[in-house]
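Read through the structure below, which is laid out as structure tokens, and then see the notes.
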Amino acid sequence: MSFLVFDFDSTLVSVEGLDELFARSLDGAPDREARVAAFREITDLGMAGAISAEESLERRLGVLAADRGLVRTVGEEIREHISPSVARNLAFFRENLSRVGVVSGGFEELILPTLERMGLSRSGLHAHRFRYDESGRVLGLDPDTVIAKGGKPAAVERFREKETSVWMIGDGATDLEVRERGLADRFIAYTENRHRDPVVAKADFVAKSMDELIALLEKP
């Protein structure tokens, strides 16, 4: 089996982690619904490739007010949103630990609780990290991660150094970019949670669920 690199948000889970954090940070705000909708629109623009991933992230972090405690709470909540077909196939992940990695433009503090529940290793994750001030308030992103320095292509290249064949599985333009940069042999558009036409149009294959992906892997 090829080495499988999964996106996290809207792929392994049905939600976007940073969107969930922003929404929780506005609990009680009278204009919460409108502000959350505007935030999620920026997320979607980035995931569809209408704006760069960097611009999308910068714009969202610029309006986020959160601290370590809220980050921890939302990370625990996200683990309850594992995509349904992924939850049905947790045995697949546990049986293929050495053949699975996770590369995300999200934040590891929001991702790790779910990976723990899935039985996946922290060492197989590349994602952003938050940067905090002395009081624990989120200031922005840590600039020293592989993702911050070079995006998903740089992270997948780390796996590529040890693997002869790599498949990228995800729902967004940054996942497709890995294939277009020649760092993945196949790009699978994963559409269980989000169907983004510009991304699907350029995919090698489309999988609507983990069941379909596993069937694809089993083909000779």
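Take Arg160 and tell me if it is in contact (Cβ under 8 Å) with a residue 12 or more places away in the chain and buried (at least 19 other Cβ atoms within 10 Å of the Cβ). Judged against the criteria, Arg160 is a match. Of the residues making up segment 62-94, those that are surrounded by fewer than 19 Cβ atoms within 10 Å (Cβ to Cβ), under 19 Å from Arg32 (Cα atoms), among the aliphatic types (A, V, I, L, M) and touching a strand residue (DSSP E or B) at 6+ places or on another chain (Cβ under 8 Å) are Leu64, Ala65. Scanning segment 27-48 for residues that are at pLDDT 90 or above, of a type in the set (A, V, I, L, M) and surrounded by fewer than 18 Cβ atoms within 10 Å (Cβ to Cβ) yields a total of 4.
Of all residues in segment 123-144, those satisfying the criterion of being within 14 Å of Ser104 (Cα to Cα) and in contact with an Asp or Glu (Cβ under 8 Å, 6 or more places away or on another chain) are Leu125, Ala127, His128, Arg129, Phe130. Regarding segment 88-111, can at least one residue be identified that is closer than 27 Å to Leu176 by Cα, among the hydrophobic types (A, V, I, L, M, F, W, C) and at pLDDT below 95? Yes, because at least one residue in segment 88-111 is closer than 27 Å to Leu176 by Cα, among the hydrophobic types (A, V, I, L, M, F, W, C) and at pLDDT below 95. The residue list Gly75, Gly62 contains one member that is touching a residue at least 12 places away in the same chain (Cβ under 8 Å) and of a type in the set (Gly, Ala, Ser), which is Gly75. One residue stands out in segment 50-61 among those that are of a type in the set (Gly, Ala, Ser) and buried (at least 18 other Cβ atoms within 10 Å of the Cβ): the one that is farthest from the chain's Cα centre (by Cα), namely Ser56.
Which one of these is part of a helix (DSSP H, G or I) and farther than 24 Å from Thr114 by Cα: Arg24, Arg60, Arg35, Arg40? Answer to the check: Arg35. Applying the selection to segment 164-194, what residues are closer than 26 Å to Leu90 by Cβ, in a loop (DSSP other than H, G, I, E, B) and without any contact (Cβ under 8 Å) to a residue 24 or more places away in the chain? Selection gives Thr191 alone. For Leu12, the stated conditions do not hold, so it cannot be described as closer than 21 Å to Phe159 by Cα and without any contact (Cβ under 8 Å) to a residue 60 or more places away in the chain. Of the residues making up segment 1-13, those that are farther than 13 Å from Leu110 by Cα, touching a Lys or Arg at 6+ places or on another chain (Cβ under 9 Å) and outside any helix (DSSP H, G or I) number 6.
Yes/no matrix, rows are residues, columns are (1) farther than 22 Å from Ala184 by Cα; (2) among the acidic types (Asp, Glu):
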residue: Leu4; (1), (2): no, no
residue: Ser10; (1), (2): no, no
residue: Val15; (1), (2): yes, no
residue: Leu21; (1), (2): yes, no
residue: Ser25; (1), (2): yes, no
residue: Glu33; (1), (2): yes, yes
residue: Ala38; (1), (2): yes, no
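The values are calculated or read from the model by the stated rules, or taken from the named source; none is laboratory data. No experiment lies behind these values; they were computed from the predicted model shown. FYI the Cβ positions are ideal-geometry reconstructions off the backbone, even for glycines, and counts take in every protein chain you see.
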